[in-house]
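> Attaching a single structure in structure tokens format; questions to follow.
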Amino acid sequence: MTRYEALATTLAEEIRAGHIPIGSRLPSLRYVIAQHGVSQSTVLRAYYLLEEWGLIRAEERSGFYVTPGAGIQQAASTQAATLAESAKVDISDLVFSVLDAARHPGIVPLGSAFPSPLLFPSARLLKSLAQGTRSLSPWSTVADLPPGNDHLRRQIVLRYIGTGLSVATDEIVVTNGALEALNLCLMAVTRPGDVIAVESPGFYAALQAIERLDLRAVEIPVDPVTGLDLDALAVALEKHPIRACWFMTNFQNPTGVTLSVEKKKALVELLAKREIPLIEDDVYQELHFSRDRPLPAKAFDTKGLVMHCSSFSKTLAPGYRIGWVAAGRFADRVQRLKLMTTLSASIPVQAGIADYLQYGGYDKHLRKLRNAFKSQLASMDAALRRSLPRDVRWTLPNGGYFLWLQLPNAVDAMALHRRAIGHGISIAPGPIFSATHSFENCIRLNFGHPWDTSIDEAVRVLADILKS
Ligand SMILES: Cc1ncc(COP(=O)(O)O)c(C=O)c1O
């Protein structure tokens, strides 16, 4: 190792250990020269190397600063996703470090899980919040405790009817976003040590919930074109005492893939034979680009085993934190858990959303939103085609706002993430979507923001980093 590499390694360790905090300026050249007994050119070369590693960033006439991405430790190197043994999950540190790095204001949010707030009808929603709360009875604090506000639950049932599903109002429990619904469902059907089947790649919050509840995960592969591998699931069901499954059937996060109707039916039948509950995460269902809303697996459930979870976070009002579950035979248990954990979702907000669903023009807003995402996807696709090397692969999703990119095998998505953060761009690196930190050469990009020059430029910069 040369002197400048040794110095860069020492400084990198200090940065990663938090001794030189994110956002702070690196010590002056004079100080480092005196402290380490090296020449000015050694310090400069070390700083350039740190910049290349994505740990620091030069600011003109001001010095070198530690970038937000510097907090991220290198992910453990693992095999590509295969049908895993059931395993304890340890994903949270990695996920939090990636999410934290992407939260800084001014970052181009290609790694974000949220669409642009500018696409939501916030003024109209405020009007509904005023109208809905004005007509609230003072007794609603008690009346609207779980399972939740009646008006809202009936409006939610009407949307199921619009998709051709008969769901009873009694099945609906209102929650603080879909994430709470999913977590409560998991708690309702498991005990510590149980084995849960999850997707690989899959939504990291499923892995975090499994970690928190001391469960074990079996990862079932998801193909970006055909979706969940049902044969692999059948094998896993033979091999492991799987207690429940947590899957997405429409516009899966992160791949964007939707299961065919035949596969949804086959999935429900496979699980019904063994009486295994399915926690169905369907938060992107309304964001379809083709004419009709895709059916959930819940549509084929005859035994009450499917717990269908969704919310208004991706379509209407992320900050309002209103979600729900149509919990089938588990509705009572979920309702009790809701009472025991967070008591209730905000009562005025439930009333406001109910008013909006009835009078606010939700379907019209959804049509606009879908069109916006569709055109943003076309812009993203064109920009990627213009700049990226030919050996990068992606499949255009038919809804949602995520694009899953498979980069050449040699690319390390975590390193790409760190370097991109150094340039003010977030991406979601593949390893956060798997219990084994696989998908090291994959990234998820968000196209949920109105296309502008900063996004166009960010795609070009990403391509340049990749090529280098
Ligand atoms: C797949 C998936 N499920 C659930 C959630 C959480 O939804 P909510 O914000 O309604 O809790 C998210 C949010 O990122 C998501 O991507």
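What follows is calculated from the coordinates using simple rules that are stated; it is not laboratory data. This is a predicted model, so every value here is computed, not measured. Ideal geometry is used to build each Cβ from the backbone, glycine not excepted, and the neighbour counts take in all protein chains shown.
> Which residues' amide hydrogens lie under 5 Å from the amide hydrogen of I220, considering only partners 5 or more residues apart or on another chain, with H built in the peptide plane?
V198, E199, S200
> Within the chain, what's the longest stretch lacking chymotrypsin sites (Phe, Trp or Tyr not before Pro) that sit in DSSP loops with no more than 15 other Cβ atoms inside 10 Å? All intermediate terms of the calculation are to be shown ahead of the outcome.
On the way: sites that count: W139, F289.
The longest uninterrupted stretch comes out as 290-468.
> Take every DSSP beta bridge whose two residues both sit in the chain, then give the antiparallel share in percent to the nearest 5. Numbers along the way, then the final one.
Numbers: 26 of 45 bridges.
Percentage antiparallel, nearest 5: 60.
> Which longest run of the chain has no exposed loop site in it, a site being GluC sites (Glu not before Pro) in a DSSP loop with at most 11 other beta carbons within 10 Å, and the site itself not part of the run? Could you put the intermediate results ahead of the total?
Details: sites that count: E60, E275.
The segment 61-274 is the longest one with no such site.
> Neighbouring Cβ atoms within 10 Å as the yardstick, rank L184, L207, L416, L237 fewest first.
With the fewest neighbours first, L184, L207, L416, L237 line up as L237, L416, L207, L184.
> How far, in degrees from 0 to 90, does helix 3-16 lean away from the longest principal axis of the Cα atoms of the chain, to the nearest 10?
30 degrees
> To continue, here is another question. Calculate one ³J(HN,Hα) per residue across the range 435-444 by plugging θ = phi - 60° into the Karplus curve 6.51 cos²θ - 1.76 cosθ + 1.60, and present them in order as whole Hz with x for glycine and proline.
5, 9, 6, 7, 6, 5, 10, 10, 9, 10
> Just to check I understand the Karplus step: with θ = phi - 60° and J = 6.51 cos²θ - 1.76 cosθ + 1.60, what whole-Hz values come out for the range 232-249, glycine and proline as x?
The phi angles translate into 5, 5, 4, 5, 4, 5, 5, 8, 10, x, 5, 8, 7, 10, 10, 10, 10, 9 Hz.
> Do you know the relative contact order of the range 225-281, to the nearest whole percent, from alpha carbon pairs under 8 angstrom that are 6+ apart?
44 percent
> Determine the percent antiparallel among the DSSP beta bridges restricted to the range 121-363, to the nearest 5. If you can, show how the numbers build up before the last one.
On the way: 10 of 27 bridges.
Around 35 percent antiparallel, to the nearest 5.
> Apply the a/c threshold of 1.5 to the C-alpha gyration tensor of the range 3-66 and tell me whether it is rounded, prolate or oblate.
It is rounded, given that a/c, with a ≥ b ≥ c, falls under 1.5.
> Structure shown: which of K314/K467; K264/K374; K264/K338; K239/K374 lie over 31 Å apart, alpha-carbon to alpha-carbon?
Long pairs (Cα-Cα over 31 Å): K314/K467; K239/K374.
> Taking a cut-off of 17 Å between Cα atoms, list the aspartates and glutamates near K303, but don't count ones fewer than 8 places away on the same chain.
Within the straight-line limit of under 17 Å, K303 reaches these aspartates and glutamates: D170, E171, E269, E275, E280, D332.
> Which ³J(HN,Hα) values in Hz, rounded to whole numbers, follow from the phi angles of the range 201-210 under the Karplus curve 6.51 cos²θ - 1.76 cosθ + 1.60, where θ = phi - 60° and Gly and Pro get x?
x, x, 5, 4, 5, 5, 5, 5, 5, 5
> Cα axis of helix 413-422 to longest principal axis of the chain: angle in degrees, 0 to 90, nearest 10?
Taking the Cα atoms of the chain, the angle to 413-422 is about 70 degrees.
> How high is the relative contact order of the range 121-363, given as a whole-number percent (alpha carbon pairs under 8 Å, six or more residues apart)?
32 percent
> Looking at the range 161-282 only, what percent of DSSP beta bridges run antiparallel? Nearest 5 please.
Percent antiparallel among DSSP bridges in the range 161-282 is about 15.
> Please give the calculated 222 nm ellipticity per residue for the chain, where each DSSP H segment of at least 4 residues contributes -39500 (n - 2.57) and the sum is spread over every residue; nearest 500 deg cm²/dmol?
Computed ellipticity for the chain at 222 nm equals -13000 deg cm²/dmol.
> Still on this structure: Please work out the FRET efficiency for the pair S290 and D231, using the Cβ-Cβ distance as r and a Förster radius of 30 Å; give the result to the nearest 0.05.
In this case the efficiency is close to 0.65.
> Sort D100, D292 by Cβ crowding within 10 Å, fewest neighbours at the top.
Numbers: D100 14, D292 8.
Result, fewest neighbours first: D292, D100.
> Helix 122-134 sits at what angle to the longest principal axis of the chain, using alpha carbons and giving 0 to 90 degrees rounded to 10?
40 degrees
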